[in-house]
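Peer 1: Okay, here's the structure, questions in a sec.
The values are calculated or read from the model by the stated rules, or taken from the named source; none is laboratory data. Worth saying up front: this structure is predicted, and the values here are computed from it rather than measured. No Cβ is skipped: glycine too gets one built from the backbone with ideal geometry, and neighbour counts run over all protein chains shown. Note: accessible area is taken over every heavy atom of the protein model, side chains too, but ligands, DNA and RNA are not part of it. Shrake-Rupley method; radii C 1.70, N 1.55, O 1.52, S 1.80 Å.
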Amino acid sequence: MQGKKLLIVDDEADIRTLLKEYLELEGYRVWTAANVTEAQKALTAGPDLIILDIALPGIDGLLWCRQIRDTLPVPILFLSARAGEKDRIKGLQAGGDDYIVKPFSLEELSARIAAHLRREARKEAKPSGQGIYWDGILTVDFAGYRFLIKGQDIGLTKIEFRIAAFLFTNKGHVFTKDQIYEKVRGCDGEADVSVVTEHIRRIRAKLGADWEREYIETVWGVGYRWIG
């Protein structure tokens with residue numbers, strides 16, 4: 001799992017330093033944050049797993065986990081000095097994937113991190129079009145027929161989602177309007193390949209409403225491809 005990105009959120013500087021140094025030696029790329037405000041900014045790095053303390057200043061770890069869980073599919077491992085069964089249950093009910101009690105073994109923590117990342121790798125090995133994709137900015141919720149930018153649903157119609165999802169799951173490949181139409185035809189009673197151009201325009205406008213990045217490229221004289 002070398003090269004995977006981890007975000008450590010803990011208000012104790014000694015713990016942040018200890019974990020960062022140890023996990024970097026294990027081959028991970030590590031970001032740290034002392035509170036939720038810093039952690040929210042660090043999400044742009046697109047972490048593959050989050051290690052989250054519960055007792056944070058301001059917004060605590062439990063509340064923040066609830067706030068981000070619907071749009072953040074990565075594993076979240078809680079760290080806490082609270083060892084009671086009710087506390088562990090609260091952590092899992094808030095959306096955590098694991099609960100580790102302080103003080104803890106670095107070797108055990110590393111093993112749990114690796115186990116969760118292996119589980120995620122198995123999920124990603126499923127055929128395209130299943131589950132949720134997230135890169136720190138863009139979330140694609142295949143089951144919910146949604147594209148979200150920074151957690152906000154951009155409001156694609158059914159056929160817009162079908163077109164966007166088709167291009168997204170075939171990144172880098174160029175498709176003509178006819179090929180795109182052939183893939184998604186039947187939705188909303190469309191009967192003319194020329195409508196694909198208008199749907200692409202609307203999808204681009206919605207994807208670009210909250211961020212300046214270009215996701216869909218026009219290959220002049222040929223068609224379109226997803227480049228995000």
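Peer 1: Return yes or no: is GLY91 under 24 Å from the mean Cα position of the chain (by Cα), open to solvent by less than 50 Å² (accessible area, probe 1.4 Å), touching a residue at least 12 places away in the same chain (Cβ under 8 Å) and closer than 26 Å to ILE149 by Cβ? Full working, then the answer.
Peer 2: Values: under 24 Å from the mean Cα position of the chain (by Cα): yes; open to solvent by less than 50 Å² (accessible area, probe 1.4 Å): yes; touching a residue at least 12 places away in the same chain (Cβ under 8 Å): yes; closer than 26 Å to ILE149 by Cβ: no.
Considered against the rule, which asks whether it is under 24 Å from the mean Cα position of the chain (by Cα), open to solvent by less than 50 Å² (accessible area, probe 1.4 Å), touching a residue at least 12 places away in the same chain (Cβ under 8 Å) and closer than 26 Å to ILE149 by Cβ, GLY91 comes out as no.
Peer 1: Sticking with this structure for a sec: Has the range 116-139 got any residue that is closer than 30 Å to TRP220 by Cα, open to solvent by less than 30 Å² (accessible area, probe 1.4 Å) and not in a loop (DSSP other than H, G, I, E, B)?
Peer 2: For the range 116-139, residues closer than 30 Å to TRP220 by Cα, open to solvent by less than 30 Å² (accessible area, probe 1.4 Å) and not in a loop (DSSP other than H, G, I, E, B): present.
Peer 1: Go through (1) open to solvent by 50 Å² or more (accessible area, probe 1.4 Å); (2) modelled with pLDDT under 95; (3) outside any helix (DSSP H, G or I) for THR37 and report which single condition fails.
Peer 2: THR37 satisfies all of (1) open to solvent by 50 Å² or more (accessible area, probe 1.4 Å); (2) modelled with pLDDT under 95; (3) outside any helix (DSSP H, G or I) except (3).
Peer 1: OK, next. Among (1) of a type outside the set (S, T, N, Q); (2) under 16 Å from PRO47 (Cβ atoms); (3) at pLDDT below 85, where does PHE78 come up short?
Peer 2: Only one criterion in (1) of a type outside the set (S, T, N, Q); (2) under 16 Å from PRO47 (Cβ atoms); (3) at pLDDT below 85 is unmet by PHE78, namely (3).
Peer 1: Got a number for residues in the range 185-227 being assigned to a loop (DSSP other than H, G, I, E, B) and at pLDDT 70 or above?
Peer 2: Pass one, the range 185-227, residues assigned to a loop (DSSP other than H, G, I, E, B): 185-186, 190-194, 208-215, 220-222, 227.
Then drop every residue that is not at pLDDT 70 or above, which leaves 194, 208, 213-215, 220-222, 227.
Total meeting the criteria: 9.
Peer 1: If you scan the range 63-79, which residues turn out to be open to solvent by 40 Å² or more (accessible area, probe 1.4 Å), in a helix (DSSP H, G or I) and more than 16 Å from ASN35 (Cβ to Cβ)? Quick ask: steps written out before the conclusion?
Peer 2: Of the range 63-79, the ones open to solvent by 40 Å² or more (accessible area, probe 1.4 Å) are 63, 66-67, 69-70, 73.
Still in the running and in a helix (DSSP H, G or I): 63, 66-67, 69-70.
Passing the criteria: ARG66, ARG69, ASP70.
Peer 1: Now a separate question. With respect to LEU49, determine if the residue is closer than 17 Å to ALA111 by Cβ, touching a Lys or Arg at 6+ places or on another chain (Cβ under 8 Å) and of a type outside the set (D, E, K, R). Talk me through it step by step, then tell me what you get.
Peer 2: Working: closer than 17 Å to ALA111 by Cβ: yes; touching a Lys or Arg at 6+ places or on another chain (Cβ under 8 Å): yes; of a type outside the set (D, E, K, R): yes.
Yes, satisfied.
Peer 1: Only one of these is acidic (Asp, Glu), closer than 25 Å to ASP141 by Cβ, open to solvent by 40 Å² or more (accessible area, probe 1.4 Å) and touching an Asp or Glu at 6+ places or on another chain (Cβ under 9 Å): ASP60, ASP97, ASP48. Name it.
Peer 2: Working: ASP60 fails: closer than 25 Å to ASP141 by Cβ; ASP97 fails: touching an Asp or Glu at 6+ places or on another chain (Cβ under 9 Å).
Every option except ASP48 fails the conditions.
Peer 1: Please list, ordered by first then second residue, the pairs with beta carbon atoms under 8 Å, 6 or more apart or interchain, first in the range 104-123 and modelled with pLDDT of 85 or more, second assigned to a helix (DSSP H, G or I) and not aliphatic (A, V, I, L, M).
Peer 2: What qualifies is LEU106/TYR22; SER110/TYR22.
Peer 1: Return yes when LYS177 is modelled with pLDDT under 85, in contact with a helix residue (DSSP H, G or I) (Cβ under 8 Å, 6 or more places away or on another chain), basic (Lys, Arg) and open to solvent by 10 Å² or more (accessible area, probe 1.4 Å) and no when it is not.
Peer 2: In short, no.
Peer 1: Let me ask something additional. Just name the residue that is most open to solvent (accessible area, probe 1.4 Å) out of those in the range 13-31 that are in a loop (DSSP other than H, G, I, E, B) and touching a helix residue (DSSP H, G or I) at 6+ places or on another chain (Cβ under 9 Å). Steps first, answer last, please.
Peer 2: At the first step, the residues of the range 13-31 found to be in a loop (DSSP other than H, G, I, E, B) are 26-28.
Subsequent filtering for residues that are touching a helix residue (DSSP H, G or I) at 6+ places or on another chain (Cβ under 9 Å) retains 26, 28.
Details: GLU26: 78, TYR28: 19 Å².
Here the residue is GLU26.
Peer 1: Output the number of residues of the range 153-168 satisfying the condition of being modelled with pLDDT of 85 or more and closer than 22 Å to ASP70 by Cβ.
Peer 2: Quick first cut of the range 153-168, residues modelled with pLDDT of 85 or more only: 153-156, 160-168.
Filter again for closer than 22 Å to ASP70 by Cβ, leaving 153-156, 160-161, 164-165, 168.
Selection size over the range 153-168: 9.
Peer 1: Could you please let me know if ALA83 is at pLDDT below 90 and in contact with a helix residue (DSSP H, G or I) (Cβ under 8 Å, 6 or more places away or on another chain)? Write out each step before concluding.
Peer 2: Values: at pLDDT below 90: yes; in contact with a helix residue (DSSP H, G or I) (Cβ under 8 Å, 6 or more places away or on another chain): no.
Spelling it out, it is not the case that ALA83 is at pLDDT below 90 and in contact with a helix residue (DSSP H, G or I) (Cβ under 8 Å, 6 or more places away or on another chain).
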